[in-house]
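Each reported figure results from applying straightforward, stated rules to the coordinates on display, with no laboratory input. Remember, predicted model here, so these are calculated numbers, not experimental data. A quick note on method: Cβ atoms are made from the backbone with ideal geometry, for glycine too, and the neighbour counts reach across all protein chains shown.
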Amino acid sequence: MQDLRELNEAIAAIKQEILDHAGELESSRGVYEFKKGFLDSKKGKLSQLMKEMRNIPNESKAEFGKNVNAAKEWAVNFFEELDTKLKAEELKRRYESEKIDITMPAVQPKYGNLHPITTVRNQLTEIFASMGFEVYEGTEIETDFYNFTALNTPQDHPARDMQDTFYLSPEFLLRTQTSAGQIHVMQSKKPPIKVVSPGKVFRSDDDATHSPMFSQMEGLVVDEGINLCDLQGSLNMFVQQIFGEQTTTRLRPSYFPFTEPSVEVDVSCFQCGGKGCKLCKGTGWIEVLGAGVVNKKVLENCGIDSEKYSGFAFGLGLERIAMLKYGINNIKLLFESDLRVLDQIDD
Ligand code: FA5
């Protein structure tokens, strides 16, 4: 470079280059990198111009320096302004993308609900409590005496084959029926007695409608003059509250060692009203529980005068009631804790 004219041309070219490419820059980081090409103290194009000073005649050196410095100042200001502008745009873009709409409905937390068996158990307990029944909760481990012998089912009685029992020892077992609770109640309480006893029971049983662990609810009423009509009256009230007002019951003869007479209780099909459908297998009736008049021998086993007092008892399966109520066709679904199933049952 020989003179000021050439310098001014070089400065104009550098400014033009800056202006031409500035529009392509999108971020503060880009400005920083691009700026280095012109203002870096060693390699920057404007800094390099200063090195030409030695070729310039002395009388022009001052002017030359002034022009280069003015160009540098222009570049510094230009990049500063550009940087501020791009930073503001970046911030705006960030605000836009991170914007929270406080008018949006909140994400609803997922609440749990009671297991269908718990719901059925609570509903049944409430219904019987409203009829004056007390609640007795027995234990899941029982002795052979309470589960069988005192219930008129001594060793070698053929009725023991009706239930496949899990024995823990010759004396202790997992109760097969909440009927074991009847004996505890009658031993500790004198008539009038009116209790329900819900709880888990266990049998070596396993298919679509039977599970090795299931829940029963026992009912026991002992007083003077209690008979089968009282049983049916109480059960009618119960099934009407659970399955609907039109529901009625039908008693069929059956056998349990601890009741005499014994009955199986059917309810009129609440889905078809008794006409016959898939649920009731075309019969118009659905079996829900076993019941009967308390066998005199059981009353006597518990020290209750069987000439003065009589009673009725019933035992129903809570899973059976839940399956009917919620239209569940396999008992396993009640125990698998699959939320896709349980979510659909919210009573
Ligand atoms: C009894 O257990 C008698 N203790 C009921 C009873 C009480 C009769 C008082 C007379 C007086 P049963 O074995 O039929 O009876 O069972 C009663 C109910 O439990 C059945 O109707 C059925 O709903 C249910 N149940 C029986 N076995 C199973 C099982 N493995 N899985 C699910 N539910 C069952």
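For labels at Asn55 and Leu228 in the simple 7 Å Cα→Cβ model, what's the distance in nm?
The modelled label-to-label distance comes out at 12.7 nm.
Rounded to the nearest Å, what's the spacing between the alpha carbon centres of the stretch 39-86 and the stretch 310-347? Just the number, please.
For the stretch 39-86 versus the stretch 310-347, the Cα centre distance is 87 Å.
Sorted by mean Cβ packing within 10 Å, highest first, what order do the peptides 91-97, 158-164, 226-232 take? Write down the numbers at each step before the final one.
On the way: 91-97: 9.1, 158-164: 13.3, 226-232: 16.3.
Final packing ranking: 226-232, 158-164, 91-97.
Once the stretch 146-210 is represented by equal point scatterers at the alpha-carbon sites, with solvent omitted, what log10 I(q)/I(0) does the Debye formula produce at q = 0.19, 0.20, 0.22 Å⁻¹?
Log-scaled intensity ratios, in q order: -0.82, -0.89, -1.02.
Stretch Lys99-Arg252 to full length: gain in nm at 0.36 nm per residue minus the Cα-Cα span?
In short, 48.1 nm is gained.
Got a sec? How would Arg5, Arg250 order by Cβ neighbour count within 10 Å, fewest to most?
Arg5, Arg250
Compute the normalised compactness of the stretch 1-53: alpha-carbon radius of gyration over 2.2 N^0.38 Å, N being the residue count.
1.24
Relative to the present Cα-Cα distance, how much length would full extension add between Glu73 and Glu245 at 0.36 nm per residue of separation?
52.5 nm
Assuming 1.567 mPa s and 4 °C, estimate D for the chain with Stokes-Einstein, Rh taken as the Kirkwood radius over Cα pairs, in µm²/s.
48
Can you tell me which of 142-152, 71-81, 113-123 comes out highest on packing, and rank the rest after it, using the mean Cβ neighbours within 10 Å?
142-152, 113-123, 71-81
Which pairs, out of Lys43/Lys92; Lys45/Lys66; Lys110/Lys281; Lys190/Lys297; Lys45/Lys85, put more than 26 Å between their alpha-carbon atoms?
With Cα atoms farther than 26 Å apart: Lys43/Lys92; Lys110/Lys281.
The stretch 283-301 to the stretch 178-241: how many Å between their Cα centroids?
9
Bin all alpha-carbon pair distances of the stretch 206-347 at 5 Å intervals from 0 and give each bin's fraction as a whole percent.
2, 9, 17, 19, 18, 15, 10, 6, 4, 1, 0
If we restrict to alpha carbons, what Rg and Dmax does the stretch 13-129 come to, in Å?
33.4, 117
Find the all-direction average of the projected area of the Cα convex hull for the stretch 196-263, expressing the result in square nanometres with one decimal place. Walk me through the numbers before you get to the answer.
Numbers: hull surface 24.8 nm².
If you wrap the Cα atoms of the stretch 196-263 in a convex hull and average its projections, you get 6.2 nm².
Full extension from Ala106 to Lys332: what is 0.36 nm times the residue separation minus their Cα-Cα distance, to one decimal in nm?
77.8 nm
Spin-label point model (7 Å from Cα, Cβ direction): what's the Lys66 to Lys281 distance in nm?
About 11.4 nm, to one decimal.
At a Cα cut-off below 25 Å, give the lysines reachable from Lys278, other chains included and same-chain residues fewer than 8 away excluded.
Qualifying lysines at Cα under 25 Å: Lys325, Lys332.
Under the rule that a partner needs its Cβ under 4.7 Å from the first Cβ, which Cys of the chain have none?
Cys229, Cys302
Report, largest value first, the span of the C-alpha coordinates of the stretch 88-239 along each principal axis, in whole Å.
91, 38, 29
Please give me the summed charge of the neighbours of Cys280: other residues whose Cβ is under 15 Å from its Cβ, Lys and Arg +1, Asp and Glu -1.
Summing Lys and Arg as +1 and Asp and Glu as -1 gives +4.
Which listed residue (Ile100, Ala70, Ile56) has the Cα farthest towards the positive end of the charge dipole for the stretch 48-101, taking +1 on Lys and Arg C-beta and -1 on Asp and Glu C-beta about the Cα centre?
Ile56
Give the Cα extents of the stretch 201-240 along the principal axes, in whole Å, largest first.
39, 22, 12
Taking the Cβ of Gly199 as the centre, find all other residues whose Cβ is under 12 Å away and add up their charges (Lys, Arg: +1; Asp, Glu: -1).
Cβ neighbours under 12 Å give a net charge of -1.
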